[in-house]
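So the structure is just underneath, and the comments pick up after that.
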Amino acid sequence: MHLGRMSFFVSFAVLQILINLVNIAARKQVQLRAEYPFTYQTRSQVFARTGLPVDILGVEQFDCLESRTYETYQSSFGMGSTSPITGTYFNLSIATADMYGGARSRGKYPYAPSNTLYELQLDKPSNFFGLYVSAADDSNILRFFNHDEKVFEPSLKDFLERLGEHRAGYKGNKTYPSWFGGYGNSGQEYIFINFHFPNGVVYNRVHFIQGRPGSFESDNHTVGNWTRTSGRRVVTFRIEED
C-alpha cells in the first residue's frame with residue numbers, strides 16, 4: 001500500500017477513535033439549562049409513552065393541596081387518571097405562596113425544611129426533570145436515583161455561579177416589585193431549571209434536600225422524556241461512574 005494512502009487510513013482511524021471518545025463523554029453529561037427570567041415552566045419538548053409529541057408531559061403544581069405535611073401524596077402530574085406516568089411524594093411539606101415560594105406567587109408550593117428532605121418516586125423511568133426553584137441558596141440539593149443507585153447529584157451552587165453575568169437577571173421575586181427599585185428578596189435567585197439526562201441514563205427517584213437552616217422552595221415539578229432542549233444558559237456536569 002502506498003505510504004500516503006496508509007497515512008490517510010491511519011489518520012482517519014485515529015480521528016474516528018477521537019470522535020467516538022467525544023461521543024461517549026457527551027453521553028455521560030447531564031445538561032442543566034436555565035429558562036429565561038419570568039419563565040415558570042419548561043419550554044423543552046418531551047413526549048409521553050405513546051410517542052406523541054407534546055409541549056409538556058406532566059406538571060405537578062401542588063395548588064390542590066392544603067398547607068401541611070403529607071406522609072404520602074400521589075401525583076398524576078396534571079393528567080388525571082389517564083396519565084402515562086405517576087409519582088408518589090413522601091414527607092411532603094406544602095406552604096401557601098409568598099415572597100419565597102410559589103410560581104407567580106400563586107397557589108401552593110412544596111418545600112424541604114431545615115436539615116430535612118422529601119422524596120419523589122416515579123412508576124416509570126424518566127430522562128427529563130424540570131422545576132421552578134425560588135429563593136435559591138447554596139444548601140438546596142437535588143439527588144437523582146435509578147432505584148437504589150445514585151445517578152446524579154448536581155451542585156446548584158456551581159450552576160448558579162456559572163450563569164456568570166446573567167445571574168443578576170434571576171435575582172429577586174419578579175412578582176414582588178420593591179418600592180426602592182428591583183424586586184423583593186433581591187439577594188436570591190428565582191429560576192426554572194431543566195435537567196436533560198443523556199441517552200441511556202434515567203432516574204425514577206428524586207430527593208429534595210435542605211442541607212442547613214433555611215428551606216428548599218420549588219414548584220411546577222415536570223417529568224418526561226425529552227426530545228428537544230430549551231433554555232439559553234447551558235451547564236454540563238459529568239456523571240461520575242463507580
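The values are calculated or read from the model by the stated rules, or taken from the named source; none is laboratory data. Just so it is clear, the model here is predicted, and its values are computed rather than measured. With ideal geometry, Cβ positions are generated from the backbone for all residues, glycine too; neighbour counts draw on all protein chains shown. Ligands, DNA and RNA are excluded from the accessible area calculation, which covers all protein heavy atoms including side chains. Shrake-Rupley method; radii C 1.70, N 1.55, O 1.52, S 1.80 Å.
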(request) Determine, yes or no, whether residue 82 is under 19 Å from residue 206 (Cβ atoms), among the polar types (S, T, N, Q) and open to solvent by 70 Å² or more (accessible area, probe 1.4 Å). (result) no
(request) Filter the range 154-166 for residues that are open to solvent by 60 Å² or more (accessible area, probe 1.4 Å) and closer than 19 Å to residue 100 by Cβ and give the result. (result) 157
(message) Scan the range 43-64 and tell me whether some residue there is under 20 Å from residue 196 (Cα atoms), modelled with pLDDT of 70 or more and of a type in the set (Ser, Thr, Tyr).
(response) yes
(request) Please identify the pairs in which a residue from the range 190-211 that is charged (D, E, K, R) and crowded, with 24+ Cβ neighbours inside 10 Å has its Cβ atom under 6 Å from the Cβ atom of a residue that is outside any strand (DSSP E or B) and at pLDDT 90 or above, counting only partners at least 6 apart or on another chain. (result) none
(message) I'd like the full set of residues that are without any contact (Cβ under 8 Å) to a residue 12 or more places away in the chain and either under 17 Å from residue 132 (Cα atoms) or out of contact with any strand residue (DSSP E or B) (no Cβ under 8 Å at 6 or more places or on another chain) (or both), limited to the range 150-189.
(response) 161, 164, 165, 168, 179, 180, 181
(message) Out of 111, 89, 118, I need the residue that is at pLDDT 95 or above and in contact with a His (Cβ under 8 Å, 6 or more places away or on another chain). Which one?
(response) 118
(request) Filter the range 86-110 for residues that are aromatic (Phe, Trp, Tyr) and crowded, with 18+ Cβ neighbours inside 10 Å and give the result. (result) 89, 100, 109
(message) Checking residue 180 against (1) open to solvent by 50 Å² or more (accessible area, probe 1.4 Å); (2) among the aromatic types (Phe, Trp, Tyr); (3) at pLDDT 95 or above: exactly one of these is not met. Which one?
(response) (3)
(message) Give all pairs with beta carbons closer than 7 Å in which a residue from the range 123-146 that is in contact (Cβ under 8 Å) with a residue 24 or more places away in the chain and open to solvent by 10 Å² or more (accessible area, probe 1.4 Å) meets a residue that is assigned to a strand (DSSP E or B) and among the basic types (Lys, Arg); count only pairs at least 6 apart in sequence or on separate chains.
(response) 143/150; 145/205
